[in-house]
Amino acid sequence: MTHEDLVATAEKEKAARKEIRLRCCMAGGCLFSRSADVKTALEKAVKNNGMSERVEICRVGCMGLCGQGPLVGVDPEGLLYEHVTPENASSIVTALAGGVAEAARGDPRHPFFARQMPVVLARSGRVDPERIEQYIESGGYSALHHVLFEMQPGQVIQAIAKSGLRGRGGAGYPTGLKWATVAKSAGERKYVVCNADEGDPGAFMDRSVLESDPHAVLEGMAIAGRAVGADQGFIYVRAEYPLAINRLQIAIQQAKRHGLLGPGIFESSFNFNVDVRIGAGAFVCGEETALMASIEGKRGQPRPRPPFPAEHGLWGYPTLLNNVETFANIAPIISRGADWYAGLGTEKSKGTKVFSLSGKIRNTGVIEVEMGITIREIVEELGGGALDGAKVKAVQTGGPSGGCIPAAHFETPVDYESLLKLGSIMGSGGMVVMDEHTNMVELARFYMQFCMEESCGKCIPCRVGTVEMYQLLTRLTEHKATLRDLEQLEELCDLVQNTSLCGLGQSAPNPVLSTLRYFRDEYLELLQAQEDGSSDGESSSIARSSKSLAQM
Amino acid sequence: MKLIKPPLPSADKRWKIVDSRMRRYSYQAHALIEVLHTVQQSFGYLDKDALKFVAAALHVPLSRVYGVSTFYNFFSLKPHGAHTCVVCLGTACYVKGGDKVLAAIESYARIKRGETTRDKQLSLLTERCNGACTIAPIVVYDGTVAGHQTPKEAVERLKGIVKL
């Protein structure tokens, strides 16, 4: 394929487009709510009403408002229908000729949509993820062409560095710096690896991106390969995402057929292959060294760093590891310029961030917002607040590695540093909302059970410490714990955090620490319930010592 | 050095699927997890013969094959029941009552998570979030995801799938 072919493909796709397009979401939550039957019903209705000349039904990826699915969008009017069923789908088609559809109308101007700033999700819900032609029509693969013919690898890295993009997997390491390290590392071969092992429960952004716009990730990886000097890429996807795996494989095949992956991309001397590797259900494989062990066909156990993967990665060769969302940001940065991207967000956290909203919140789904937006805006305005008139109590970010942010701190802007200061982390973007009915100690215990079961067992602090902490939390929830148990829990948090080998263990105490920080009362209540009936002197001494604990 | 290829464990055609998978990866050791996925898909679980065959064909120690098979949650060394019911235990499902759904199923089927009924009709499994958090809590009945589950609905659905 040459640049002319790319333009011709885009124009052909544009010309084939019919006057009215009904976009039917065929990803994640909508599919589970029978959107495939909705699409069949729409197609049938178009045919039966003799509208095939004017109307087309398009399979698209996630439109974001998954809780209201199945969703159907109408172009060019920009209408949105929610909770569409196979039974009322035909009324959407008949309404095109006048009349009112039976299906419920959504509000595309709701803050849920209006407050978003789609960069990574720009094509999500607009193009068919299984047709490379639609990706190309919307400007896809032109950034890769630009990189191959108009830029030197060093310039690409400079542009990424200048954009201020930081790793979207959660740690926030400057992407440009990572690329530069891999580019500098000597090695007869190098690898580019995409971490799509989205293990945090309650996080489904990467799933949404892969199911909705897989080519964006592939293009980002190919650009990275060119920049750092790698010709082989791997995408490590968790096995729980069969649709994402399927769409990635389709996308890779299509890209190869069009000469956009494989040998001699755009008829240049640049070769780049991508292979999909499927995880097998181990949370720890989201950790980079464990992930690489898993790609090598081994148990997914982490190893100490340094050496970092940038120097000593897959099979000992320099390896660039980035998250799905990071790669999906690359092509837009190249196309629209590093300055544009650096102009978005806050001083230290540039650009946008994709979040998944779930839990006790009205609007659940996937959103992309500019960095610096406050948590309150996300929860109250986009998310529509708590369900059933309840009050939002806290938001959990960063999964089992993160923490709970109480409602009192909702005015905090979303950026890497601010969330860290609150005792949580940006994480990969999962936001689970809790209301007043959620017991925070139970929640901490839930996360500890998760970490305990997912600990790989290699290092003792994590293997044993998580079990100990889980048992202490269980004693607490069973009203059997003493103040001494609580002290021991805090000591263990400190120990496990500081002595574990990898991120899993180091961050396992975070949910406990953050709930202790903001909801200490709930812990103390469980203690005091046991101490009921004790003398006044004793309970006041408990109150005193817990106060001194709080000051520690 | 020419490596020796072990014979297929039996005339069962599914071994050919496994073998062709290994051939695709030129019998390289790093294909181990991919190959175990294929075995599990074909046979439903990994038995001793399968582990030995894969170890010999990929030239990796049996201990490593066993280590990998037991490390990852997806692999099972025991066959599942005729029907499977997977309850999600992710955070979103948890805060929306997934634990109560699980408890209801456990008490109805009289098995704990991870177990199979004695008549081999039903396996009750749990998973760590499959990303369908927007319709939490979810249960996967024989591969079909069902959202917004309540303890009552979950038991009703099970009754429709399997007689206990």
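The values are calculated or read from the model by the stated rules, or taken from the named source; none is laboratory data. Keep in mind it's a predicted model, so treat the numbers as computed, not measured. No Cβ is skipped: glycine too gets one built from the backbone with ideal geometry, and neighbour counts run over all protein chains shown.
Annotations for the structure displayed:
Rundown of residues vs (1) among the aromatic types (Phe, Trp, Tyr); (2) touching a strand residue (DSSP E or B) at 6+ places or on another chain (Cβ under 7 Å); (3) closer than 24 Å to A:Pro201 by Cα, yes/no style:
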position: A:Leu321; (1), (2), (3): no, yes, yes
position: A:Thr326; (1), (2), (3): no, no, yes
position: A:Gly343; (1), (2), (3): no, no, no
position: A:Gly351; (1), (2), (3): no, yes, no
position: A:Val354; (1), (2), (3): no, yes, yes
position: A:Glu368; (1), (2), (3): no, yes, yes
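- Residue within segment A:199-220 that is more than 23 Å from A:Val369 (Cα to Cα) and of a type in the set (Gly, Ala, Ser) present: no
- Across segment B:118-152, the number of residues qualifying as touching a strand residue (DSSP E or B) at 6+ places or on another chain (Cβ under 8 Å), more than 9 Å from every other protein chain (Cβ to nearest Cβ) and not in a strand (DSSP E or B) comes to 5.
- Among the numbered conditions (1) of a type outside the set (A, V, I, L, M, F, W, C); (2) surrounded by fewer than 17 Cβ atoms within 10 Å (Cβ to Cβ); (3) more than 15 Å from the chain's Cα centre (by Cα), the only one that B:Tyr94 does not meet is (2).
Residue-wise test of (1) assigned by TED's automatic domain parsing to the domain that holds A:Val182; (2) modelled with pLDDT under 95; (3) under 25 Å from the mean Cα position of the chain (by Cα).
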position	(1), (2), (3)
A:Ser124	no, no, yes
A:Glu133	no, no, no
A:Ala143	yes, no, yes
A:Val147	yes, no, no
A:Glu150	yes, no, no
A:Pro153	yes, no, no
A:Gln158	yes, no, no
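- In segment A:363-378, the qualifying residues are those that are within 14 Å of chain B (Cβ to nearest Cβ) and outside any loop (DSSP other than H, G, I, E, B), and the one that is farthest from A:Gly343 (Cα to Cα) is A:Gly365.
- Exactly one residue out of B:Ala31, B:Ala56 is away from chain A (no Cβ under 14 Å), over 25 Å from B:Thr144 (Cα atoms) and modelled with pLDDT of 95 or more, and it is B:Ala56.
Every residue, every condition in (1) assigned to a helix (DSSP H, G or I); (2) more than 25 Å from A:Cys285 (Cβ to Cβ); (3) not hydrophobic (A, V, I, L, M, F, W, C), yes or no:
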{"residue": "A:Glu468", "(1), (2), (3)": "yes, no, yes"}
{"residue": "A:Leu472", "(1), (2), (3)": "yes, yes, no"}
{"residue": "A:Leu476", "(1), (2), (3)": "yes, yes, no"}
{"residue": "A:Ala481", "(1), (2), (3)": "no, yes, no"}
{"residue": "A:Glu491", "(1), (2), (3)": "yes, yes, yes"}
{"residue": "A:Asn498", "(1), (2), (3)": "yes, no, yes"}
{"residue": "A:Pro511", "(1), (2), (3)": "yes, no, yes"}
{"residue": "A:Arg517", "(1), (2), (3)": "yes, yes, yes"}
{"residue": "A:Glu522", "(1), (2), (3)": "yes, yes, yes"}
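- Which listed residue is modelled with pLDDT of 95 or more and over 30 Å from A:Leu260 (Cβ atoms), from A:Ala10, A:Ala41: A:Ala41
- The lone criterion from (1) under 30 Å from A:Gly140 (Cβ atoms); (2) buried (at least 19 other Cβ atoms within 10 Å of the Cβ); (3) more than 25 Å from the chain's Cα centre (by Cα) left unmet by A:Lys298 is number (1).
- For segment A:492-521, filtered to residues that are aliphatic (A, V, I, L, M) and over 25 Å from the mean Cα position of the chain (by Cα), the residue that is surrounded by the most Cβ atoms within 10 Å (Cβ to Cβ) is A:Val496.
- Checking each residue in segment A:293-313 for being within 14 Å of chain B (Cβ to nearest Cβ) and of a type in the set (A, V, I, L, M, F, W, C) picks out A:Ala293, A:Ile295.
- Of all residues in segment A:226-242 being more than 17 Å from A:Ser142 (Cβ to Cβ) and in a helix (DSSP H, G or I), the one that is farthest from the other protein chains (Cβ to nearest Cβ): A:Val228
- Among the helices (runs of 4 or more DSSP H) confined to segment A:109-216, the ones with at least 1 residues that are away from chain B (no Cβ under 14 Å) are located at A:111-114, A:132-137, A:142-150, A:153-163, A:175-184.
- Within the option set B:Ser20, B:Ser42, B:Ser10, B:Ser63, being part of a loop (DSSP other than H, G, I, E, B), more than 10 Å from chain A (Cβ to nearest Cβ) and small (Gly, Ala, Ser) holds for one residue only, B:Ser10.
- Any hit, segment A:403-425, residues being at the interface with chain B (Cβ under 10 Å from one of its Cβ atoms) and surrounded by 18 or more Cβ atoms within 10 Å (Cβ to Cβ): no
- Filter result for the condition that a residue is without any contact (Cβ under 8 Å) to a residue 40 or more places away in the chain, over 30 Å from A:Ser455 (Cα atoms) and not small (Gly, Ala, Ser), over A:Ile265, A:Ile245, A:Ile252, A:Ile223: A:Ile252
- Only a single criterion out of (1) away from every other protein chain (no Cβ under 14 Å); (2) modelled with pLDDT of 95 or more is not satisfied by A:Glu82, namely (1).
- Test: residue in segment A:311-322 that is of a type in the set (S, T, N, Q), buried (at least 19 other Cβ atoms within 10 Å of the Cβ) and touching a residue at least 12 places away in the same chain (Cβ under 8 Å): yes
Yes/no matrix, rows are residues, columns are (1) outside the structural domain of A:Ser358 (by TED's automatic domain parsing); (2) assigned to a loop (DSSP other than H, G, I, E, B); (3) touching a residue at least 60 places away in the same chain (Cβ under 8 Å); (4) surrounded by fewer than 16 Cβ atoms within 10 Å (Cβ to Cβ):
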{"residue": "A:Ala8", "(1), (2), (3), (4)": "yes, no, no, yes"}
{"residue": "A:Arg21", "(1), (2), (3), (4)": "yes, no, no, no"}
{"residue": "A:Cys30", "(1), (2), (3), (4)": "yes, no, no, no"}
{"residue": "A:Glu43", "(1), (2), (3), (4)": "yes, no, no, no"}
{"residue": "A:Lys47", "(1), (2), (3), (4)": "yes, no, no, yes"}
{"residue": "A:Gly50", "(1), (2), (3), (4)": "yes, yes, no, yes"}
{"residue": "A:Glu53", "(1), (2), (3), (4)": "yes, yes, no, yes"}
{"residue": "A:Glu56", "(1), (2), (3), (4)": "yes, no, no, no"}
